[in-house]
Structures are given as C-alpha cells and as structure tokens.
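See below for the structure under consideration.
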There are 4 protein chains.
Amino acid sequence: MTTQVIVLNGGSSSGKSGIVRCLKYLLPKPWIDLGVDDLVDRLPPSMVTFGQQGEVTLGKGFGDLQRAWMAGIATMARAGAPVIMDDVFLGGAASQERARMCLEGLDVLWVGVRCAPDIAAGREIARGDRVIGMAASQAETVHQGVVYDVEVDTSHTESLDCARTIAAYVV
Amino acid sequence: MTTQVIVLNGGSSSGKSGIVRCLKYLLPKPWIDLGVDDLVDRLPPSMVTFGQQGEVTLGKGFGDLQRAWMAGIATMARAGAPVIMDDVFLGGAASQERARMCLEGLDVLWVGVRCAPDIAAGREIARGDRVIGMAASQAETVHQGVVYDVEVDTSHTESLDCARTIAAYVV
Amino acid sequence: MTTQVIVLNGGSSSGKSGIVRCLKYLLPKPWIDLGVDDLVDRLPPSMVTFGQQGEVTLGKGFGDLQRAWMAGIATMARAGAPVIMDDVFLGGAASQERARMCLEGLDVLWVGVRCAPDIAAGREIARGDRVIGMAASQAETVHQGVVYDVEVDTSHTESLDCARTIAAYVV
Amino acid sequence: MTTQVIVLNGGSSSGKSGIVRCLKYLLPKPWIDLGVDDLVDRLPPSMVTFGQQGEVTLGKGFGDLQRAWMAGIATMARAGAPVIMDDVFLGGAASQERARMCLEGLDVLWVGVRCAPDIAAGREIARGDRVIGMAASQAETVHQGVVYDVEVDTSHTESLDCARTIAAYVV
C-alpha cells in the first residue's frame with residue numbers, strides 16, 4: 001500500500017499552498033501538485049464568479065469540468081505519478097463524496113487544513129492578493145461533514161510543522 | 001469531430017502563455033490549461049536542473065512522470081473537458097512522438113509557436129524573470145522534425161492575432 | 001551634462017516595464033527605477049479607484065502625495081542616484097507640467113512610449129492581470145500635448161530595440 | 001509631533017511585507033511604502049550578489065546608491081507624504097546609524113521585526129520564492145546593536161496583530 005493521492009481541503013488563506021511546498025520539500029519522491037485554483041483560473045464568468053463579500057458562485061457546467069479534472073488526476077496517480085491535490089470543498093461532505101468517486105480504487109490520504117476564521121481573515125489582509133471575505137466565509141463550511149485521515153491547524157502551527165505531521169501519514 | 005486537446009509547442013519566451021490566455025478569451029467553451037511549467041515547478045534537482053547558460057537537463061525518472069502527466073491530460077479530455085497543453089519539446093520529433101502516444105485516440109490540434117531566436121532572447125531580458133539563455137537555446141531545436149496542423153510566429157504578430165489564427169482551426 | 005532622470009510616459013500595457021528592464025540591462029551605471037504603480041499600489045479607495053471600464057479615478061489628496069513622491073525622486077537624482085521613473089500622464093500636458101516643476105534643475109530625458117490602442121488592448125488580454133479597458137482608454141490621452149526628447153512605439157518594435165533607441169539619448 | 005517615517009527592520013522571511021500591508025490597511029492616512037527589495041531589484045551583479053548559502057554581498061558603490069535612496073525617502077516625508085520603509089540592516093547598528101543620518105530631523109518610528117531563525121527558515125521553504133539560507137543567516141545579525149521604539153516578533157504573533165501593536169505607536 002502506497003499513498004497515491006494527498007487531498008488537502010481547506011478554506012481560502014488557510015495555508016494550503018505553503019504546506020504543499022513544504023510537503024514537496026520533505027517527501028523523498030517527486031509529487032505533482034495540482035490545485036483547484038489552477039482549474040478555476042480564468043474560467044469564463046458564466047462558470048465562476050467572485051462576489052464582493054468573497055463568496056464564490058459556481059455556474060452550471062462547473063461540476064462536469066471538475067469531475068473530468070479529477071478523473072485526470074486519478075489517471076496520473078494510477079500511471080505512477082503521485083499527486084497532491086489542494087481543494088476547497090465548498091459543498092462540504094458532498095464535495096468529498098464527489099472527489100471520493102473520482103479517486104476510487106486509489107490510496108488517498110485525506111487531509112483537513114484548518115485555520116481559525118479570524119486568523120485566516122487577518123492573513124488574507126496580509127497577503128494582499130485575495131478578495132477580502134473569502135477566508136472568513138469558507139473557514140468552517142468547507143469542513144462540514146468531511147472525514148479526514150489527518151487534520152492540521154495552521155492557526156498556531158507553522159506550515160513546515162503541519163507538513164511534517166502529514167508526511168508521517170504518507171506511506 | 002471536435003478538438004479535444006490543443007498542444008502548443010514552442011521555446012521559452014516564444015509567447016505561449018500569452019496565446020493561451022487569448023485562446024481562453026476567444027474560445028466559447030471553457031478550456032482547462034496545463035503547462036509543462038506546472039509539472040516542472042519545484043521538482044527536486046535530481047529531476048530538473050537549469051544551467052547557467054539556460055540549458056535544461058532532465059534527470060532519470062522525468063520521462064515517466066511526464067508520461068503519467070499526459071495520460072492524465074488525455075483522461076480529462078476524454079471525460080469531456082478540453083485541454084490546452086503548452087509544452088517545450090526539448091527532444092523535437094521524439095518528444096512529439098511521445099506526446100502522440102499519450103494522446104492517442106483524441107482529436108489533437110498540434111500548434112507550433114515560433115519566434116526568431118534573437119527576438120525571443122530580447123523578450124527574455126524584457127520579462128526579467130527567466131534564466132537568460134533559455135530562449136535562444138530552445139528557439140529552433142524544439143521544432144526540429146515536429147509536424148503541425150497550424151504554425152504561428154510571434155516575431156511580428158501579436159498574441160491575440162496568433163490566437164485568432166489558432167482558434168479558426170478549433171472545431 | 002549627465003542624464004539624471006529618465007521619465008517614461010505611456011498608457012497601461014504600452015510596454016513601459018519591459019523597456020525599463022531592458023534599459024537597466026543596457027545602461028552601464030546602476031539606475032533606480034520607481035513607477036507610479038508602486039505609488040498607487042494599495043492606496044485607500046478614497047485616493048484611487050479602478051472602474052469597470054478601466055477608468056482610473058484619483059481622489060482628493062492624490063496630487064499632494066504624488067508631488068511629494070516626485071520631490072523624493074528629484075532628491076535621489078540630485079544625490080547622485082539616477083532614476084528611471086515610469087508614469088501615466090492621465091492629465092496629459094498638465095501632468096507633464098507638474099512633473100517638470102518637481103524635477104526642476106535636473107537633466108531629464110522625456111520619453112514617450114506609444115502603442116496603438118488596439119494593440120495595447122490585445123496585450124492587456126494576453127497579460128491577464130490588468131483591468132480590461134485601461135489600455136484602450138489611456139493609449140492616446142496620456143500623450144496629449146506632451147513634449148518629448150525621444151519617442152518609441154512598441155506597436156511594431158521590440159522592448160529591447162526601443163530601449164536601445166532611448167539609451168542612445170542618455171548622456 | 002507626527003510620525004513621518006516608519007522603519008521596519010528584520011531579516012528575510014521575518015514577515016515585514018505582510019506587516020506593511022496590514023499597516024496600510026489599519027492606518028487612516030495613505031502611506032507610501034518603499035522597501036530595500038525595490039532598490040536591490042535588478043541591480044548589476046557588481047553591486048549585489050546572492051550566494052548559494054543565502055549570503056548577500058554588496059559591492060562598491062551600493063552604499064552611495066542607498067544613501068541617495070534614503071535621502072529621497074526623507075524628502076517625501078518632509079514634503080508631507082509619510083513613508084513606511086522596510087529594510088534589512090545587514091550591518092546591524094552601523095546600518096541604523098547610516099539610516100538615522102539620512103532621516104535626520106524627521107519623526108521616525110524604529111520597529112524591529114523579529115522571527116526565530118528556525119521559524120523564518122521554515123517560512124522561507126513554505127514561500128518557495130527565496131534563496132534558501134537567507135532567513136537563517138539574517139535572523140539575528142540584522143538586530144545586533146539596533147535600538148527600537150517598538151519590537152514585534154512574528155514567531156507566534158500574526159502579521160495583523162503585529163501591525164496593530166505598531167500602529168498604536170504611530171502618532
């Protein structure tokens with residue numbers, strides 16, 4: 001049994017990208033990293049809109065696109081290239097269920113990346129490159145009903161230490 | 001017959017990324033874009049090294065990783081999500097052959113993105129974020145023996161106009 | 001007589017930043033480069049707002065801030081550090097007059113960076129990181145009534161070649 | 001008495017930029033922010049070199065350039081535009097003395113931004129865009145002999161909270 005896919009789920013500004021970089025630094029083998037941000041990047045407004053209060057609205061057709069995207073990630077992993085996938089489960093448990101179906105048959109490590117809403121909101125200001133409001137609005141909802149193999153909380157733990165915790169679960 | 005994958009091949013600083021953005025702006029459906037830069041990003045030095053003169057050296061194991069990556073892209077396209085893949089065929093015709101095998105059975109539009117070596121080298125300086133030398137060293141070698149459905153040359157044609165030419169071939 | 005300040009004036013997406021990088025590459029001495037984008041970055045909305053059509057509105061108090069900024073640039077140049085300042089003369093000749101007063105007594109090279117409106121608009125799409133509309137709305141207005149020592153046009157000339165033309169005027 | 005310049009001194013990856021963004025968010029007036037990174041950016045290698053172990057070497061002539069730069073910042077502040085200047089005092093107390101002379105006559109708030117060396121080194125990995133080694137090598141040396149009005153430590157305190165502490169000293 002070998003970990004083939006690491007799924008990191010957490011709200012905006014919860015610290016997923018920093019953890020991904022640290023994981024790639026810590027893990028001995030090369031991992032491909034693909035994030036939902038890459039998928040969402042420059043989609044037409046009919047598919048994704050970012051509201052003034054940081055709310056993300058996904059249009060008709062986004063679900064199909066995302067399913068195809070995850071099916072591709074599953075193929076990469078089956079073909080021998082392990083993948084770190086970072087995601088934002090806007091639909092909580094339902095999003096995980098959809099991901100689980102796409103990744104069926106693979107050894108997946110499910111990781112929850114938590115961050116206290118007020119701390120994530122502060123980091124959103126410090127970053128200066130995100131729509132203000134996303135962090136707070138997603139911090140808790142994305143974890144509702146989601147089941148993890150391991151959870152980390154970046155509120156008071158450094159990215160590198162979170163990555164070490166996760167890496168210990170990678171087999 | 002519907003175009004499922006657009007492969008853009010061209011050297012560093014030939015203008016592929018600008019063309020991708022324009023294609024996504026012009027094409028009516030949403031396309032996923034994935035580039036070899038995403039794959040190469042932060043791989044361990046045992047896999048990819050960038051020399052002082054801009055030469056790129058791929059280590060043992062990179063080929064397998066890339067094949068898995070392309071197999072995943074093929075799955076995305078088969079599952080209904082069209083993909084724009086930008087690549088740098090360091091091995092010329094042999095690289096295309098490898099890509100062709102991974103994308104077998106799919107409707108692929110092969111696009112050559114050319115740029116005169118001295119112009120690409122100048123743009124590399126103007127960008128200021130690339131290893132100097134990559135543009136000149138790759139400008140012509142990446143096209144050796146490669147067969148295209150359509151070729152564009154960014155030397156004297158704007159990205160948006162190149163994208164319009166390509167978009168006319170997308171069915 | 002030695003050039004102490006190079007002022008580059010041109011609309012958004014006219015290619016100023018690429019020319020600045022090439023100038024720093026070509027010129028033998030080290031130059032400090034400061035752009036109005038650095039000044040405008042993260043100012044409160046009471047000072048600068050970017051409209052949906054790409055129009056830039058400057059609030060009360062922005063003029064004072066900008067005058068202080070330019071006075072500082074003048075001091076740097078007088079103290080022996082030559083400065084490349086890139087700017088967008090939203091007020092055309094009146095903006096130049098204001099800059100001229102701030103830079104009084106210094107050897108200034110006034111450079112116009114032109115780009116055909118439709119070409120600048122296309123490059124704005126290709127860049128993917130600017131409010132759409134700024135390029136077209138500024139392309140011509142920023143040059144109205146402005147007097148230059150040298151003008152370059154990036155429509156059909158590469159950044160590096162434009163920089164070479166400008167560098168020949170630097171004494 | 002009104003604060004005219006805020007000088008933030010801290011090593012690479014100590015968190016200065018995030019604090020600057022939060023300060024601009026918190027402070028009621030608009031502040032200009034200028035950092036030594038802007039100055040160092042794209043200087044010729046004869047002026048600045050970055051070693052493999054993260055060490056920064058400044059060439060002959062850099063001191064003069066920096067003095068002119070700070071003289072310009074002093075002028076901006078005197079002309080009514082308050083400035084946040086973030087710096088890395090590679091020379092410790094001697095660097096502060098030099099800055100003090102350039103800013104003479106101005107109301108300066110001296111701020112130390114500390115971060116434990118191992119934590120800064122971890123954040124350097126998580127950022128993924130810095131030469132590895134800079135954080136650890138600068139973390140303590142830049143504070144040697146430097147005298148502050150207020151010190152913050154980002155090791156266990158968020159950027160926004162550090163900024164709040166600093167903002168309370170701004171008059």
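The values are calculated or read from the model by the stated rules, or taken from the named source; none is laboratory data. All figures in this text were calculated on a predicted structure; none of them were measured in a lab. We place every Cβ from the backbone using ideal geometry, glycine too, and count neighbours over all the protein chains shown. For the accessible areas, the whole protein counts, side chains as well, though only heavy atoms, and no ligand, DNA or RNA atoms are used. Shrake-Rupley method; radii C 1.70, N 1.55, O 1.52, S 1.80 Å.
The number of residues in segment C:69-92 that are farther than 26 Å from residue C:168 by Cβ and out of contact with any helix residue (DSSP H, G or I) (no Cβ under 7 Å at 6 or more places or on another chain) comes to 1. If the condition is being closer than 25 Å to residue A:76 by Cα, more than 14 Å from chain C (Cβ to nearest Cβ) and either of a type in the set (S, T, N, Q) or in contact with a helix residue (DSSP H, G or I) (Cβ under 8 Å, 6 or more places away or on another chain) (or both), then segment B:12-30 contributes only B:30.
Is it the case that residue B:128 is at pLDDT below 95, on the phi > 0 side of the Ramachandran plot and not β-branched (Val, Ile, Thr)?
Details: at pLDDT below 95: yes; on the phi > 0 side of the Ramachandran plot: yes; not β-branched (Val, Ile, Thr): yes.
Here the answer is yes, as residue B:128 does meet what is asked.
Just checking, does segment C:148-156 include any residue being of a type in the set (S, T, N, Q), touching a residue at least 60 places away in the same chain (Cβ under 8 Å) and closer than 16 Å to residue B:158 by Cβ? Yes, there is a match, as at least one residue in segment C:148-156 is of a type in the set (S, T, N, Q), touching a residue at least 60 places away in the same chain (Cβ under 8 Å) and closer than 16 Å to residue B:158 by Cβ. When we screen C:127, C:123 for residues that are surrounded by 20 or more Cβ atoms within 10 Å (Cβ to Cβ), over 25 Å from residue C:2 (Cα atoms) and of a type in the set (Lys, Arg), the only hit is C:123.
For segment A:47-56, the count of residues that are among the acidic types (Asp, Glu) and out of contact with any helix residue (DSSP H, G or I) (no Cβ under 7 Å at 6 or more places or on another chain) is zero.
Looking only at residues of segment D:96-120 that are touching a strand residue (DSSP E or B) at 6+ places or on another chain (Cβ under 9 Å) and without any contact (Cβ under 8 Å) to a residue 60 or more places away in the chain, we find that the one that is least open to solvent (accessible area, probe 1.4 Å) is D:116.
Tallying residues that are part of a strand (DSSP E or B) and buried (at least 24 other Cβ atoms within 10 Å of the Cβ) within segment B:8-33 yields 2. A single member of A:92, A:80 is on the phi > 0 side of the Ramachandran plot, over 18 Å from the mean Cα position of the chain (by Cα) and not acidic (Asp, Glu), and it is A:80.
Among residues of segment D:102-149 being in a loop (DSSP other than H, G, I, E, B) and of a type in the set (Gly, Ala, Ser), the one that is nearest to residue D:35 (Cα to Cα) is D:139. In segment A:150-160, the condition of being in a helix (DSSP H, G or I) and away from chain D (no Cβ under 12 Å) is met by no residue. Within segment A:39-54, residues that are without any contact (Cβ under 8 Å) to a residue 12 or more places away in the chain and facing chain B (nearest Cβ under 10 Å) have Cβ atoms under 6 Å from residues that are part of a loop (DSSP other than H, G, I, E, B) and surrounded by 14 or more Cβ atoms within 10 Å (Cβ to Cβ) in these pairs: A:44/B:30, counting only partners at least 6 apart in sequence or on another chain.
Among the criteria (1) closer than 18 Å to residue B:66 by Cβ; (2) of a type outside the set (D, E, K, R); (3) touching a Gly at 6+ places or on another chain (Cβ under 9 Å); (4) at the interface with another protein chain (Cβ under 8 Å from one of its Cβ atoms), the one residue A:84 does not fulfil is (4).
Being hydrophobic (A, V, I, L, M, F, W, C) and away from chain D (no Cβ under 11 Å) is the filter here, so list the residues in segment C:55-81 that pass it. Walk me through it before giving the result.
Residues of segment C:55-81 hydrophobic (A, V, I, L, M, F, W, C): C:56, C:58, C:62, C:65, C:68-71, C:73-74, C:76-77, C:79, C:81.
Of everything in segment C:55-81, those that are hydrophobic (A, V, I, L, M, F, W, C) and away from chain D (no Cβ under 11 Å) turn out to be C:56, C:58.
Restricting attention to segment C:149-160, which residues are crowded, with 16+ Cβ neighbours inside 10 Å and more than 13 Å from residue C:114 (Cα to Cα)? Once the filter is applied, which keeps residues that are crowded, with 16+ Cβ neighbours inside 10 Å and more than 13 Å from residue C:114 (Cα to Cα), segment C:149-160 yields only C:160. A search for C-beta distances below 8 Å between a residue of segment B:55-76 that is over 16 Å from residue A:80 (Cβ atoms) and any residue that is open to solvent by less than 30 Å² (accessible area, probe 1.4 Å) and among the aromatic types (Phe, Trp, Tyr), counting only pairs 6+ apart in sequence or on different chains, returns B:76/A:69. Which of the residues spanning segment D:109-149 are closer than 26 Å to residue D:97 by Cα, away from chain A (no Cβ under 14 Å) and of a type in the set (A, V, I, L, M, F, W, C)? Hits for segment D:109-149 are D:109, D:110, D:111, D:134, D:139, D:142, D:146, D:147.
How about segment C:36-82: which of its residues are open to solvent by 60 Å² or more (accessible area, probe 1.4 Å), assigned to a helix (DSSP H, G or I) and aliphatic (A, V, I, L, M)? If the condition is that a residue be open to solvent by 60 Å² or more (accessible area, probe 1.4 Å), assigned to a helix (DSSP H, G or I) and aliphatic (A, V, I, L, M), then no residue fits.
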